[in-house]
Amino acid sequence: MNTSIIFSVGTFSVTPFSLALALSVAVGLGVLLIFHKYWCQSLDNLSLFALIALSLAWMGARLYYCLARLPLYIEIGLENIFKVQEGGFAIWGAILGTVLAALIVAKRAGQRPVAFLNSIAPAGALTLALGRLAEGLSGEGYGPLVENSSFSFFPLAIKNEWGEWYFAIFILEALTAFVLFLLLLRTNRKGGRSAHLFFIVYCTTQILYESLRRDSMLRWLFVRVSQLNAALVLGGMMFYFLAVWKKHASGKRKPARYLALRWAGFLLCAAGIILCEFAVDKSASLSVGMSYLIMSLFCLGVGICAYQLTDPERLLSA
C-alpha cells in the first residue's frame, strides 16, 4: 500500500489512493455531464444528480461500512464513526447512495426511476472500473498467494512489502466493469435496460470476485457482506418481477413452468456456489483452482437465470 501523503488539509490527508479515487469519480461525472444528450437527459437534471449523489454516496459508503463493523465501533466507542479521516468506506454503500440520489432526481423531474437509472448506469460502470484500478493503491483488492513464479508479474499479480506476490483481483474487477461500460453504451443507445444489466452483471461477478479476495473484506461471522448484499439485490429484483408477472393475466405472460425452471436453476446454482465456498476451505479432493472454475460456472448460471427472471419482455410474452 502506498501510504505516502501528497498534502494535508487540517486532519484530512490526501494519499495517492484517495486522489485516484476522486479522479475516478470526476471522470465518471464528467462523462455523464458532457455527454448528457447521449443519455437523453438535461444538463440541469444530471448536474443536480451529481451534487446529490456525491453527498449520498459518500455518506452511504461510510454508514454501510460502520454498520457492517458495528460490534467493533460499539467496543471502541460510537464516536469513532465520525472519524472519517481514518478511512473506512464500502462500495455497496456508495452504490445504494447513488441509487437513492437517482430516485430523488427522477421524482423531481417527473421521470420513471428506471429510465433515469438507465441513463446513469454506463457512467456508473466507468466510475466503478476506474475506482477499482485506484483500489490497487490502497493495498486492497488482492487474492490468493501466487505459488507459481511464472505468474508473478503485474498486472496479473501485485507484490506486497515482504516481496510476496498475490493475484490482482482489483484488475479483474476493473476489466469486468470496463467491459460492462462498453456493453451499456450499446444497450443505452438502443433504448435498452442498462440499469437492469448493470446490477445483474455486477452482483453475479461480485459473488465470485469477493470469494477470490484475501484482503480485509467485510464479514459477518463467516459470511462476506458484499456477497450477501449481491444475493439480496438479485433476490429483490427477482421477487419484484415475480409480483409483476402475477399481476398479468395468464394469456399475457409466460407460463408458470417457465418461471419454475429458472427459479430452480437459480437455486441449484446458488447451492453450488455455497458448496464451492466450502470446498475452497475444506475439500482435499478438489484443487482451489478447480473449485473456483466450477464456482464461476455456477455464477454464470445464477446470472443467466436472474436475467431471464427480471426481464419483462421475456416474462410478459405469451
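Rule-based calculations on the coordinates, nothing more; no lab input. None of these values were measured; they are calculated from a predicted model. Cβ: placed from backbone, ideal geometry, glycine included. Neighbour counts: every protein chain shown.
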Query raised in the report: What percentages, rounded to whole numbers, describe P(r) for the stretch 217-318 computed over all alpha carbon pairs with 10 Å bin width beginning at zero?
Result: 14, 39, 27, 14, 5, 0
Report task. Subtracting the Cα-Cα distance from 0.36 nm times the residue separation, let me have the gained length for D281 to S4 in nm, one decimal. Result -> 96.2 nm
**Report entry** For Cα extents along the principal axes in Å, calculated from these coordinates, the label among (i) 64, 57, 41; (ii) 64, 48, 40; (iii) 66, 48, 34
**Finding:** (i)
Report task. Could you give the size of the charge dipole of the stretch 217-318 about its Cα centre, using +1 on the Cβ of each K and R and -1 on the Cβ of each D and E, expressed in debye and rounded to the nearest 20? Result -> 480
Report task. Would you please calculate the Kirkwood hydrodynamic radius of the stretch 82-151 over all C-alpha pairs and express it in Å, rounded to one decimal? Result -> 15.0
Requested in this report: With N denoting the number of residues in the stretch 2-116, provide Rg(C-alpha) divided by 2.2 N^0.38 Å, to two decimal places.
Outcome: 1.24
Query raised in the report: What lysines could a cross-link reach from K246, if we take a straight Cα to Cα line under 18 Å and drop same-chain neighbours fewer than 8 places away?
Result: K254
Query raised in the report: What ranking do V302, V233, V179 get, fewest neighbouring Cβ atoms within 10 angstrom at the top?
Result: V179, V233, V302
Query raised in the report: Listed here are the pairs K37/K247; K37/K252; K107/K247; which of them are more than 28 Å apart at the Cα?
Result: K37/K247; K37/K252
Query raised in the report: Where does the charge balance sit around M295 when Lys and Arg score +1, Asp and Glu -1, over other residues with C-beta under 15 Å from its C-beta?
Result: 0
Query - Net +/- balance of residues flanking F116 in space, Cβ distance below 12 Å, scoring K and R +1, D and E -1 - result: +3
Query raised in the report: Want the number for A243 to R112: 0.36 nm per residue separation, take away the alpha-carbon distance, what's left?
Result: 45.3 nm
Query raised in the report: Ordered by residue, what ³J(HN,Hα) values in Hz, to whole numbers, does the stretch 135-143 give under the Karplus form 6.51 cos²θ - 1.76 cosθ + 1.60, where θ = phi - 60° and Gly and Pro are x?
Result: 4, x, 7, 8, x, 10, x, 9, x
Query raised in the report: Nearest 20 debye, what's the magnitude of the dipole of the chain about its Cα centre given +1 on Lys and Arg Cβ and -1 on Asp and Glu Cβ?
Result: 1680
Query raised in the report: Which ordering of C66, C305 is given by a fewest-first count of other beta-carbon atoms within 10 Å?
Result: C66, C305
Query raised in the report: What is the fewest-to-most order of H36, H196 by other Cβ atoms lying within 10 Å of their Cβ?
Result: H36, H196
Report task. Just name one of A157, A249, F35: the one whose Cα is farthest towards the positive end of the charge dipole of the chain (beta-carbon charges, Lys/Arg +1, Asp/Glu -1). Result -> A249
Query raised in the report: aspartates and glutamates near K159 by alpha-carbon distance under 13 Å, same-chain residues fewer than 8 away left out - which ones?
Result: E140, E147
